[in-house]
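Just below is one structure, and these are the notes that go with it.
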Amino acid sequence: MSRRDFSVVICVYTEERWEDILAAVRSVREQSLPAEEILLVVDHNRALLERLSEEYGDSSEVRVLANAGPRGLSAGRNTGIAASRGGFVAFLDDDAVAERDWLRHFGKGYDDPGVMAVGGRTLPSWASGRRPAWFPEEFDWVVGCTYRGLPPGTVRVRNVLGGNASFRRTAFDAAGGFATGIGRGGDRRPLGGEEAELCIRLTRALPGAVLLIDDRAVIHHKVPAPRERFGYFRTRTYAEGLSKALVSRSVGAARGLESERRYTARVLPAGVLRGLRDGLLGRPGGAGRAGAIVTGVLAAAAGYAVGSVRARRDGTSFAVPGARPTAVVGEEVR
């Protein structure tokens with residue numbers, strides 16, 4: 001593997017995260033394995049596009065692009081894929097910072113030619129300074145982080161998590177890019193699931209493909225104060241149900257819910273029992289965590305039911321860019 005063979009894509013959309021964006025870029029620039037390039041893809045925000053272009057106009061390693069597709073994270077990532085030059089494409093959230101060996105650990109995974117994707121471990125950085133007592137670790141995916149129930153070490157998985165992930169470029173040649181119509185778009189509902197849909201499509205296109213999570217590839221993801229509240233937790237779990245309905249429509253319920261069934265049957269009951277035990281022992285937040293797990297399951301199930309009905313009624317379809325995206329990649333400003 002070349003020392004500089006990673007293209008790192010960071011999708012951005014709001015000036016409210018200005019300092020977070022600068023911190024994310026800085027963390028990539030300080031990697032022990034230098035990146036080939038950093039691509040900042042701006043989602044339909046001209047003011048932010050111009051401000052970032054001015055900030056990085058003299059940089060040879062940072063390129064600023066406009067999202068060439070419809071508003072949303074999937075199209076932004078596809079824009080980055082199409083513009084990238086590296087043999088591997090890594091994705092970092094715009095409100096996260098990567099530890100110094102993040103790319104190095106990703107790179108080690110690709111020593112095996114069968115590995116097509118490597119993800120990492122995402123740790124929450126709570127705005128309040130600590131985890132809310134009621135917030136169960138089993139639901140850290142609600143705030144974009146690695147959750148309790150994933151095995152430690154370097155393990156094979158169905159899908160990586162998009163805010164801390166990398167792919168071999170040939171993965172996109174085989175499976176195309178991220179589907180638009182799944183995941184976060186122009187509305188305010190916190191949908192997701194686009195990386196799971198892509199990974200399932202990838203293993204269908206390449207049945208021998210190996211997808212890994214290496215928990216040494218660590219990033220720290222900022223959790224703003226509004227996302228520490230129970231109202232966001234309930235909204236996000238409901239939206240995840242909606243997203244799973246879309247993913248299942250795209251790839252089938254057997255694959256679309258394969259990991260979720262194990263998680264619901266094994267990890268969550270253990271979490272409820274743990275919370276109840278902590279409550280009986282007088283430990284802070286125990287009963288609240290048990291209640292949050294039950295609420296999260298019910299909200300996700302309700303979202304899935306509603307999403308399934310809507311998908312059947314509306315005949316929902318998704319746009320999936322073809323192999324090796326070649327569309328115009330938007331405006332690049334130097």
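The values are calculated or read from the model by the stated rules, or taken from the named source; none is laboratory data. These numbers come from a predicted model, not from an experiment. Here Cβ is always computed from backbone atoms with ideal geometry, including for glycine, and neighbour counts include all displayed protein chains.
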* For region 7-16, indicate whether the set of residues that are at pLDDT 95 or above and more than 19 Å from the chain's Cα centre (by Cα) is non-empty. => yes
* Would you be able to say whether some residue in region 70-87 is more than 30 Å from Thr235 (Cα to Cα), surrounded by fewer than 21 Cβ atoms within 10 Å (Cβ to Cβ) and charged (D, E, K, R)? => yes
* Structure fact -> Scanning region 161-174 residue by residue, the ones that are modelled with pLDDT under 95 and touching a helix residue (DSSP H, G or I) at 6+ places or on another chain (Cβ under 7 Å) total 2
* Asked: So which residues in region 35-54 are farther than 22 Å from Pro70 by Cα and either over 22 Å from the mean Cα position of the chain (by Cα) or among the β-branched types (Val, Ile, Thr) (or both)?
  -> Glu54
* Asked: Is region 75-91 home to any residue that is touching a strand residue (DSSP E or B) at 6+ places or on another chain (Cβ under 9 Å) and farther than 21 Å from Phe178 by Cβ?
  -> no
* To do: Could you please give the count of residues in region 119-152 that are assigned to a loop (DSSP other than H, G, I, E, B), surrounded by fewer than 21 Cβ atoms within 10 Å (Cβ to Cβ) and in contact with a strand residue (DSSP E or B) (Cβ under 8 Å, 6 or more places away or on another chain)?
  => 4
* Test each condition in (1) modelled with pLDDT of 95 or more; (2) in a helix (DSSP H, G or I) for Met116 and report the one that comes out false. => (2)
* Given the structure, is Gly57 touching a residue at least 40 places away in the same chain (Cβ under 8 Å) and over 20 Å from the mean Cα position of the chain (by Cα)? -> yes
* To do: Name the single residue, out of those in region 281-292 being among the hydrophobic types (A, V, I, L, M, F, W, C) and farther than 15 Å from Asp140 by Cβ, that is surrounded by the most Cβ atoms within 10 Å (Cβ to Cβ).
  => Ala290
* Structure fact -> The helices (runs of 4 or more DSSP H) lying wholly within region 208-309 that contain at least 1 residues that are over 29 Å from Val155 (Cβ atoms), of a type in the set (Val, Ile, Thr) and touching a residue at least 24 places away in the same chain (Cβ under 8 Å) are 230-251
* Pairs where the first residue, in region 66-79, is under 18 Å from Ser53 (Cα atoms) and the second is of a type in the set (Asp, Glu) and buried (at least 24 other Cβ atoms within 10 Å of the Cβ), C-beta under 8 Å, 6+ apart -> Asn67/Asp43; Gly76/Asp43
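Results for (1) at pLDDT below 90; (2) closer than 17 Å to Trp141 by Cα; (3) more than 26 Å from the chain's Cα centre (by Cα), shown as yes or no for each residue.
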residue	(1), (2), (3)
Arg274	no, no, yes
Gly279	no, no, yes
Val294	no, yes, no
Ala302	no, no, no
Arg310	yes, no, no
Phe318	yes, no, no
Pro321	yes, no, no
